[in-house]
Amino acid sequence: MAQIFKPYANSIASASLLIAAGAPLVLLVSGSLITRSPANTKATVPIDQPVPFSHKHHVKELGIDCRYCHTTVEEQAHASVPATEVCMSCHSQIWTNSPMIEPVRNSYATGKPIEWTKVNAVPDFVYFDHSIHIKRGISCNTCHGAVQEMAITWKGKPFSMAWCLDCHKNPEKYMIDVKASGSESHGDAPAGDHGDDHGHEGDHANVLSPREQIFELYRKIAAGEKLTDTEWRISKGHTQHLPNDKIHEGYKLMQERGVNVSQLTDCWVCHR
Ligand code: HEC
Ligand code: HEC
Ligand code: HEC
Ligand code: HEC
Ligand code: HEC
């Protein structure tokens, strides 16, 4: 798969896929040639922006929740980038003279939106929806890298088809259970990311829904709280070298959260 779906020069492979999968995919390939700009495939390079907005500063140091700015990420396909008014809710009072904020003030005064450069994109012929991934508790960082460390935003992952499929085949590698601090009761196994092998009621009942767990992890990071190994790994966007007990935990979480892989690699899921 990884070879077939290399970004370049794969017309022969694509052609045979087309024959196998039928006419709708003709549109896909012509679409892919048009929509794939170099910026869309380049990972880990910070992207120039009209304002040097820092996630590191706003997320990790100030502790602002992603949803304050990316308001639609839980409910809609797109995450949305914040309107100038959201910035001005603070910057009409904080750093009002900073030249770095000048374009923000300008935008506010003129009503012309700031033109942020897009960092992440999939081609138009690919269907992607944030909401289902967030509902299942997939961390933003699994797909976007260590956002809380970015002084200037970069693309954390390649967003190739092979990359999407790697998780759709084995989501257990990416499932994580983040406990609210203080939710663990006394007299049992020490705080860790397993130890509740005997039922999930009672002692270790986790009051947070999978989606809340995503945001709880950032809260812990901003508060400087200790992370479990799994939390640390996911927060950095790492997934390799998973020990067996963590995979076992992942399967369990998949079951609890109703993740069903039986059709997750079918073409129509992402190309419809
Ligand atoms: C104070 C507002 C604010 C908060 C809080 C915030 N962001 Fe952002 N985010 C922005 C702005 C503005 C941009 C567009 C500029 C840029 O790319 O840096 C952006 C861009 C992004 C992008 C890239 C968008 C693209 O063009 O592809 C991702 C991914 C992202 N944010 C993820 C997150 C995550 C994850 C969190 C929480 C951990 C978060 N953001 C918290 C304001 C915010
Ligand atoms: C909840 C309040 C809040 C919101 C909302 C907010 N900021 Fe900030 N921002 C701050 C604070 C506080 C500072 C840092 C002051 C300091 O360095 O002590 C800051 C600093 C900055 C800086 C200075 C550069 C840096 O990182 O030191 C820029 C640029 C900036 N913000 C842009 C934005 C933009 C663009 C938005 C909207 C997408 C935004 N901010 C939304 C509170 C906020
Ligand atoms: C399963 C992978 C995945 C997860 C998890 C994920 N994203 Fe994304 N994100 C993407 C993809 C793919 C795109 C490009 C979408 C497109 O081009 O239509 C994207 C685009 C974005 C953008 C640019 C605006 C947009 O919607 O196109 C922002 C902002 C963003 N994500 C924020 C977040 C935040 C915040 C979270 C966590 C709450 C998050 N993402 C979780 C894969 C993911
Ligand atoms: C880290 C894991 C992960 C990654 C990476 C990932 N997904 Fe998913 N995706 C999931 C899970 C989990 C589900 C939910 C399956 C379920 O609930 O049965 C899902 C569901 C979907 C669905 C079904 C949505 C619906 O409403 O039926 C689509 C479409 C999708 N993903 C597209 C993509 C695309 C496109 C990419 C790559 C850009 C991607 N995903 C990357 C884990 C992932
Ligand atoms: C989990 C989501 C997902 C599934 C399932 C999926 N694709 Fe894709 N596909 C993508 C993404 C994302 C791209 C765009 C990759 C890029 O921009 O590099 C893509 C691109 C393509 C392309 C364009 C050529 C290329 O390599 O970029 C073809 C053809 C294609 N897919 C065919 C298929 C076929 C056939 C299937 C079923 C066997 C399938 N896809 C299943 C996500 C998916």
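The values are calculated or read from the model by the stated rules, or taken from the named source; none is laboratory data. Keep in mind the model is a prediction, meaning the values are calculated, not measured. So basically every Cβ, Gly included, is an ideal-geometry build from the backbone, and we count neighbours across all protein chains shown.
A few points about this structure:
- Each residue in the range 206-260 was checked for being among the hydroxyl-bearing types (Ser, Thr, Tyr) and within 16 Å of ligand 1 (Cβ to nearest atom), and 2 of them qualify.
- In the range 66-109, residue surrounded by the most Cβ atoms within 10 Å (Cβ to Cβ) [restricted to those that are touching a residue at least 24 places away in the same chain (Cβ under 8 Å) and small (Gly, Ala, Ser)]: Ala79
- Output for the range 197-230, where each listed residue is modelled with pLDDT of 95 or more, among the charged types (D, E, K, R) and surrounded by 13 or more Cβ atoms within 10 Å (Cβ to Cβ): Arg211, Glu212, Glu216, Arg219, Lys220
- Residue tally, condition assigned to a loop (DSSP other than H, G, I, E, B), under 16 Å from Leu253 (Cα atoms) and within 16 Å of ligand 1 (Cβ to nearest atom), over the range 137-185: 5
- Qualifying positions in the range 76-90 - outside any loop (DSSP other than H, G, I, E, B) and within 10 Å of ligand 1 (Cβ to nearest atom): Thr84, Val86, Cys87, Ser89, Cys90
- Selection count, the range 137-153, where residues are of a type outside the set (S, T, N, Q), surrounded by 20 or more Cβ atoms within 10 Å (Cβ to Cβ) and farther than 12 Å from Gly237 by Cα: 2
This table checks each residue for (1) farther than 23 Å from Gln213 by Cβ; (2) within 12 Å of ligand 2 (Cβ to nearest atom); (3) not small (Gly, Ala, Ser).
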residue: Ser80; (1), (2), (3): no, yes, no
residue: Thr96; (1), (2), (3): yes, yes, yes
residue: Asp124; (1), (2), (3): yes, no, yes
residue: Asp129; (1), (2), (3): no, no, yes
residue: Ala151; (1), (2), (3): yes, yes, no
residue: Trp154; (1), (2), (3): yes, no, yes
residue: Cys164; (1), (2), (3): no, no, yes
residue: Pro171; (1), (2), (3): no, no, yes
residue: Ile176; (1), (2), (3): no, no, yes
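- Selection status of Val104, assigned by TED's automatic domain parsing to the domain that holds His133 and not in a loop (DSSP other than H, G, I, E, B): no
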